[in-house]
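The values are calculated or read from the model by the stated rules, or taken from the named source; none is laboratory data. All values reported here derive from a predicted model rather than from experimental measurement. Note that each Cβ is placed from the backbone with ideal geometry, even for glycine, and that neighbours are counted across all protein chains shown. Keep in mind that these areas ignore ligands, DNA and RNA; they rest on the heavy atoms of the full protein, side chains included. Shrake-Rupley method; radii C 1.70, N 1.55, O 1.52, S 1.80 Å.
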Amino acid sequence: MTRLHVISAATRPTSSGRPLAEWVVGQARSRGGFEVTPVDLAEIALPFLDEPEYASSGVYAHQHTRDWSALVDAADAFVFVLPMYNGGFTAPFKNAIDFLYREWQGKPVGIVSYSAGPTGGAPAAEMLLPVLTRVGMQPAARSLAVPGIPGLVGPEGFEAPEGFADQLAGVLDDVAELAAGRAAEAVTV
């Protein structure tokens, strides 16, 4: 079974992304084929990158980096649930990526972006893609952009508009296919 980590990339305490990430976790679990672990970047609470060595060295001086490394290393694939601020993705999320290198290598990733406005955070997702490919990740062909997020979060959590579950299923299918290809490569090597 593919170990999928769904990372909520928001660090604001009032983020609408957490209910969205919970919905993604629920959808992935009900789809099957994934062992799903929710990860909240706010709870991880990484400081700004403070390692003396390059991430590519894999030599980590700090326990918070070793813990983050173990968490990311344990995953076979990811779905990143990320907000868009001022047209881009957040500094804390870029920082979390920059802490590591080997741990991201070759792993499939799906993107679910969101924003208060009409783009659904798609510009942030587009901006993130070169970073992900630079650290060796395999981005899914499909993504999900969620516009108007404040109006979609209520007392019961994220209230997905019609069609969103199908769009997310496409992202999860892409991630599962990439993970299966990676697993098959590992067997033949």
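Return the total of residues in region 73-107 being of a type in the set (A, V, I, L, M) and on the phi > 0 side of the Ramachandran plot. Break it down into steps so the answer makes sense when it comes.
Step one: of region 73-107, the residues of a type in the set (A, V, I, L, M) are 74-75, 77, 79, 81-82, 84, 91, 96-97, 100.
Next, only the ones that are on the phi > 0 side of the Ramachandran plot stay: none.
The total comes to 0.
Count, please, the residues in region 27-46 that happen to be in a helix (DSSP H, G or I) and under 15 Å from the mean Cα position of the chain (by Cα).
Here is the first cut: in region 27-46, the residues in a helix (DSSP H, G or I) are 27-31, 41-44.
After this cut, where a residue has to be under 15 Å from the mean Cα position of the chain (by Cα) as well, the list is 27-28, 41-44.
Residues that pass the stated criteria total 6.
Only residues in region 154-179 that are at positive phi and in contact (Cβ under 8 Å) with a residue 12 or more places away in the chain count as the first member; pair them with residues that are of a type outside the set (G, A, S) and in a helix (DSSP H, G or I), Cβ under 8 angstrom, at least 6 apart or cross-chain, and list the lot.
G157/P19; G157/E22; G157/W23
Considering only region 1-26, state which residues are in a helix (DSSP H, G or I) and free of Cβ contacts under 8 Å to residues at least 12 places away in the same chain. Full working, then the answer.
Going residue by residue through region 1-26, those that are in a helix (DSSP H, G or I) are 17-26.
Scanning region 1-26 gives a single hit, G26.
Looking at (1) open to solvent by less than 20 Å² (accessible area, probe 1.4 Å); (2) over 19 Å from P83 (Cβ atoms), which is the only condition L128 fails?
Among (1) open to solvent by less than 20 Å² (accessible area, probe 1.4 Å); (2) over 19 Å from P83 (Cβ atoms), L128 violates only (2).
What number of residues within region 134-189 satisfy the criterion of being open to solvent by 80 Å² or more (accessible area, probe 1.4 Å), part of a loop (DSSP other than H, G, I, E, B) and not hydrophobic (A, V, I, L, M, F, W, C)?
Number satisfying all stated conditions: 5.
Provide a single number: the residues in region 13-28 that are surrounded by 15 or more Cβ atoms within 10 Å (Cβ to Cβ) and farther than 26 Å from R66 by Cβ.
The qualifying residues number 11.
Inspect all residues belonging to region 97-111 and state whether any of them is open to solvent by 10 Å² or more (accessible area, probe 1.4 Å), part of a helix (DSSP H, G or I), at pLDDT 95 or above and not small (G, A, S).
Among the residues of region 97-111, at least one is open to solvent by 10 Å² or more (accessible area, probe 1.4 Å), part of a helix (DSSP H, G or I), at pLDDT 95 or above and not small (G, A, S), which makes the answer yes.
Can you tell me how many residues within region 47-84 are hydrophobic (A, V, I, L, M, F, W, C), touching a helix residue (DSSP H, G or I) at 6+ places or on another chain (Cβ under 8 Å), open to solvent by less than 70 Å² (accessible area, probe 1.4 Å) and in a loop (DSSP other than H, G, I, E, B)?
Final tally of qualifying residues: 1.
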